[in-house]
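Q: Below you will find the structure I want to go over with you.
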Amino acid sequence: MPPSKGYAALAATSPLAPYGFTRREPGATEIAVEILYCGVCHSDLHMARNEWGQSIYPLVPGHEIVGRVVAVGSSSKKFKLGELAAIGVIVDSCRHCAPCNRGEEHFCDEGPTLTYAAKDRVDGSITMGGYSNNYVVDERFAHTVPANLDLAAVAPLLCAGITTYSPLRHWNVGPGKKVGIIGLGGLGHMGLKFAHAFGAHVVQFTTSLRKKEDALRLGANEVVLSTDPAAMKPHTKSFDFILDTASAPHSLDPYLTLLKQDGTMTLVGLPEKPPAVSVFSLIARRASVAGSMIGGMPETQEMLDYCGQHNITADVEVIPIQKVNEAFERMLKQDVKYRFVIDMSSLK
Ligand SMILES: [Zn+2]
Ligand SMILES: [Zn+2]
């Protein structure tokens, strides 16, 4: 492999800076990918700053990767040289437990290997993410990319896309269903696009009506100001499903009262503190509060293929890698519509 270069945090308190490292030659079933674009996920910021207490330094973030195959292992069958490939949040798993055998590698009994800041199952090194020029991965954990889509806008599908696609599919969102989306950021705007594409009646909840026009453009049938009880009340007991993508602390109760009997509210955002839930709002309608996390490899491919067929991508702001620290600060202020994506040709 040619030398790898990227941007790394050397400590929780240091900004990302240029960093050189090496990756192994691809093994028999592995491919090497030259990275073209990498999305900037909120997790990247949490991990760069060790806000979840599990970071390993030097830390090269990035798990929304789109690139071109530049080397193929001797028994690899899925990709040919020069084809597009995408890599998401996980790059390996035990490959033999029940969830892995079902294609739910993200629920691997032994724990999946994360794309960065995790121990590599093959060579024991620490995985380095997609804020870099290349990646080496087993073909099982890489996906083919529909040729008709804008590649920069495909990158966020690998985390924000599958994180919202999977629960909407699992809870059967479709025609005849009323669905709420909480939060209109990287995750929320993808949830909105998918729920709309699946044929549901979609309500975007927002804490600021500034985003109303955008939400309507992205597929919302209605936009409701969640801080206004008078706006929320007419929706009482009317929702089949609510997808909560918000990462700012908030109470679940105002939304639980909007669920129909046996409705479900699923959390995919990661607030720093546990959310408040009143048991009363659950028992009054046998409501469920659930969680969901990315998706398995077959479902991730299904999502990408669906996006190709329906022309769905993320709304992105493409940046050179030199602006990634600035992008982190702007992301904290929700000053992005709706995902930063690094153009890796800027990495010299
Ligand atoms: Zn992510
Ligand atoms: Zn497993």
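Q: Of the residues that make up region 71-82, is at least one within 21 Å of the chain's Cα centre (by Cα) and farther than 22 Å from Thr300 by Cα?
A: Checked region 71-82: no residue is within 21 Å of the chain's Cα centre (by Cα) and farther than 22 Å from Thr300 by Cα.
Q: Take Ser93 and tell me if it is over 30 Å from Val203 (Cβ atoms) and either under 14 Å from the mean Cα position of the chain (by Cα) or buried (at least 22 other Cβ atoms within 10 Å of the Cβ) (or both).
A: Yes: the conditions hold for Ser93.
Q: Tell me which of these Tyr165 doesn't satisfy, since it passes every other one: (1) away from ligand 1 (no atom under 16 Å from the Cβ); (2) among the aromatic types (Phe, Trp, Tyr); (3) surrounded by 23 or more Cβ atoms within 10 Å (Cβ to Cβ).
A: In the conditions (1) away from ligand 1 (no atom under 16 Å from the Cβ); (2) among the aromatic types (Phe, Trp, Tyr); (3) surrounded by 23 or more Cβ atoms within 10 Å (Cβ to Cβ), Tyr165 misses (1) alone.
Q: Given the residues Ala248, Ala215, which is the only one that is under 25 Å from Arg339 (Cβ atoms), of a type in the set (Gly, Ala, Ser), under 20 Å from the mean Cα position of the chain (by Cα) and crowded, with 19+ Cβ neighbours inside 10 Å?
A: Answer to the selection: Ala215.
Q: Now a separate question. Answer yes or no as to whether Glu317 is touching a Phe, Trp or Tyr at 6+ places or on another chain (Cβ under 6 Å) and not in a helix (DSSP H, G or I). Step through it out loud before you land on a result.
A: On the way: touching a Phe, Trp or Tyr at 6+ places or on another chain (Cβ under 6 Å): yes; not in a helix (DSSP H, G or I): yes.
Against the criterion (touching a Phe, Trp or Tyr at 6+ places or on another chain (Cβ under 6 Å) and not in a helix (DSSP H, G or I)), Glu317 qualifies.
Q: Counting just the residues of region 251-271 that are in contact (Cβ under 8 Å) with a residue 60 or more places away in the chain and part of a loop (DSSP other than H, G, I, E, B), which one comes out nearest to Tyr338 (Cα to Cα)?
A: Filtering region 251-271 for residues that are in contact (Cβ under 8 Å) with a residue 60 or more places away in the chain and part of a loop (DSSP other than H, G, I, E, B), the one nearest to Tyr338 (Cα to Cα) comes out as Gly269.
Q: Also, quick follow-up: In this structure, does Arg121 turn out to be within 16 Å of ligand 2 (Cβ to nearest atom) and within 22 Å of the chain's Cα centre (by Cα)?
A: No.
Q: Return the only residue of Ala195, Ala231 being modelled with pLDDT of 95 or more and either part of a strand (DSSP E or B) or closer than 22 Å to Ser251 by Cβ (or both).
A: Working: Ala195 fails: either part of a strand (DSSP E or B) or closer than 22 Å to Ser251 by Cβ (or both).
Of the residues listed, the single one that is modelled with pLDDT of 95 or more and either part of a strand (DSSP E or B) or closer than 22 Å to Ser251 by Cβ (or both) is Ala231.
Q: Does region 139-158 contain any residue that is within 16 Å of ligand 2 (Cβ to nearest atom) and in contact (Cβ under 8 Å) with a residue 12 or more places away in the chain?
A: Yes, region 139-158 contains at least one residue that is within 16 Å of ligand 2 (Cβ to nearest atom) and in contact (Cβ under 8 Å) with a residue 12 or more places away in the chain.
Q: Within region 135-154, is even one residue in a loop (DSSP other than H, G, I, E, B) and within 20 Å of Leu267 (Cβ to Cβ)?
A: Checked region 135-154: no residue is in a loop (DSSP other than H, G, I, E, B) and within 20 Å of Leu267 (Cβ to Cβ).
Q: Show the residue pairs meeting these rules: Cβ distance below 9 Å; 6+ apart or different chains; first residue within region 33-47 and touching a residue at least 60 places away in the same chain (Cβ under 8 Å); second residue in a strand (DSSP E or B) and among the polar types (S, T, N, Q).
A: Going by the 9 Å Cβ cut-off, the qualifying pairs are Val33/Asn134; Glu34/Asn134; Ile35/Ser132; Ile35/Asn134; Cys38/Ser132.
Q: Something else: Taking region 60-105 as the search range and keeping residues that are in a loop (DSSP other than H, G, I, E, B) and of a type in the set (Val, Ile, Thr), which one is nearest to ligand 2 (Cβ to nearest atom)?
A: Out of the qualifying residues, it is Val89.
Q: Of the conditions (1) buried (at least 17 other Cβ atoms within 10 Å of the Cβ); (2) assigned to a loop (DSSP other than H, G, I, E, B), Gln334 clears all except one; give me its number.
A: All conditions pass for Gln334, except number (1).
Q: Output the residue which, of all residues in region 282-305 that are touching a Pro at 6+ places or on another chain (Cβ under 9 Å) and outside any loop (DSSP other than H, G, I, E, B), is surrounded by the most Cβ atoms within 10 Å (Cβ to Cβ).
A: Filtering region 282-305 for residues that are touching a Pro at 6+ places or on another chain (Cβ under 9 Å) and outside any loop (DSSP other than H, G, I, E, B), the one surrounded by the most Cβ atoms within 10 Å (Cβ to Cβ) comes out as Leu304.
The values are calculated or read from the model by the stated rules, or taken from the named source; none is laboratory data. Note that the coordinates shown come from a computational prediction; the quantities given were computed from them, not determined experimentally. For neighbour counting, all protein chains shown are included, and Cβ atoms are generated from backbone atoms with ideal geometry for every residue, glycine included.
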